[in-house]
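Some notes on the structure that comes next.
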Amino acid sequence: MKPGELETRLDLLGITAQHCTSCQLPVQIETDELVEAEMDISDRPQRMTARTLTHWQAMKQAAANDGIVLQLVSAFRSVDYQCNLIQKKLASGQVIDDILKVNAIPGYSEHHTGRALDLTTLDCEPLEEDFENTDAFAWLVINAHRFHFHLSYPQNNDSSITYEPWHWACTES
């Protein structure tokens with residue numbers, strides 16, 4: 001995006017300077033160093049950094065070896081995609097303050113880095129808190145660190161984002 005373009009887009013979404021100032025998330029730089037990864041659960045191609053892909057594939061295989069199925073819901077999201085996601089929610093009647101409890105402000109999403117993954121497993125509705133009750137989540141809590149992944153938004157976290165048991169980020173860039 002060109003200088004000033006993000007601010008204009010945020011303004012059009014009703015995201016004020018106060019929203020950005022009070023946001024507890026760091027600014028995230030949108031990467032252009034992406035590789036094709038795999039199809040997600042909706043058969044959409046996903047991209048992530050090469051190192052994230054290496055760690056994701058190793059983690060997914062280790063989980064499978066333990067009888068756990070990990071599935072990819074989403075990976076890289078551009079700032080434009082994040083803006084459009086919020087615009088769709090606004091068009092459906094949601095208010096910006098509620099949206100920003102579950103979606104990062106464009107420019108602040110870990111998905112921009114190509115290192116954040118939203119995950120699910122069989123017989124679990126994607127992007128739902130109920131993921132925390134699955135064997136897949138229990139496996140991730142115990143094992144994800146071995147593959148350089150951490151849970152970004154645990155319960156009672158200090159960020160402005162609500163608990164997301166499905167959102168895991170690679171700590172190695």
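FYI, it's all coordinate maths here, none of it is from the lab. None of the values given here were measured: they were computed from a predicted structure. Quick reminder, even Gly has a Cβ in these numbers, built from the backbone with ideal geometry, and neighbours come from all protein chains shown.
Kirkwood Rh over alpha-carbon pairs of the range 1-58, then Stokes-Einstein at 20 °C and 1.002 mPa s: what D in µm² s⁻¹, rounded to an integer? Walk me through the numbers before you get to the answer.
Details: Rh = 14.3 Å.
Answer, rounded: 150 µm²/s.
Counting helices only, and only those DSSP H runs with n ≥ 4, report the 222 nm mean residue ellipticity of the chain as the sum of -39,500 (n - 2.57) divided by its residues, in deg cm²/dmol to the nearest 500. All intermediate terms of the calculation are to be shown ahead of the outcome.
Numbers: 6 runs with 57 residues, N = 173.
Calculated from helices alone, the mean residue ellipticity at 222 nm is -9500 deg cm²/dmol.
Modelling each spin label as a point 7 Å along the Cα-to-Cβ direction, I'd like the Val69/Glu128 distance in nm, to one decimal.
Output for this residue pair reads 1.6 nm.
What spacing in nm lies between the two simple spin-label points modelled at Asp98 and Glu5, each 7 Å away from Cα in the Cβ direction?
So the label points at Asp98 and Glu5 sit 3.2 nm apart.
Treating only the Cβ atoms of Lys and Arg (+1) and Asp and Glu (-1) as charged, compute the dipole magnitude of the range 22-173 about its Cα centre; round to the nearest 20 debye.
Numbers: 10 positive and 23 negative charges, 68 e Å.
Roughly 320 debye for the range 22-173.
In square nanometres and to one decimal, what's the mean projected area of the convex hull around the Cα atoms of the range 72-145? List each step's numbers first, then the result.
Values: hull surface 22.8 nm².
The Cα convex hull of the range 72-145, projected and averaged over all directions, gives 5.7 nm².
So, R0 is 35 Å and r is the distance between the beta-carbons of Arg51 and Leu12; what FRET efficiency does that work out to, to 0.05?
Working from the Cβ atoms, E equals 0.50.
Search the structure for amide H atoms under 5 Å from the amide H of Ser74, placed 1.01 Å from N in the peptide plane, and list their residues when 5 or more places away or on another chain.
The list, which skips near neighbours in sequence, is Asp118.
Taking amide hydrogens as modeled 1.01 Å from N in the peptide plane, which residues meet the under 5 Å criterion relative to Glu128, leaving out close sequence neighbours?
For Glu128, no residues qualify.
Give me the Å³ per residue figure for the convex hull around the C-alpha atoms of the chain. Let's see the in-between values first.
On the way: hull volume 20.5 nm³, N = 173.
Once divided by residue count, the hull of the chain is 119 Å³.
If you take the charge dipole of the range 73-123 about its Cα centre, with +1 on Lys and Arg Cβ and -1 on Asp and Glu Cβ, which of Asn103, Val79, Leu90 is farthest toward its positive end?
Farthest along the dipole direction, towards plus: Val79.
So which aspartates and glutamates pass the test for Lys60, namely a Cα distance under 18 Å, with those fewer than 8 places away in the same chain ruled out?
Hits, sequence-local ones excluded: Glu36, Glu38, Asp40, Asp43, Asp118, Asp123, Glu132, Asp135, Glu172.
For the range 23-39, take each phi angle, set θ = phi - 60°, evaluate the Karplus expression 6.51 cos²θ - 1.76 cosθ + 1.60, and give the result in whole Hz per residue in order, putting x for glycine and proline.
5, 8, 9, x, 5, 10, 7, 6, 7, 10, 9, 10, 10, 5, 9, 6, 7
Per 5 Å bin from zero, what fraction in whole % of the C-alpha pairs of the range 14-90 is there, up to the bin with the longest pair?
With a bin width of 5 Å, the distribution comes to 3, 12, 16, 21, 17, 12, 11, 6, 2, 0.
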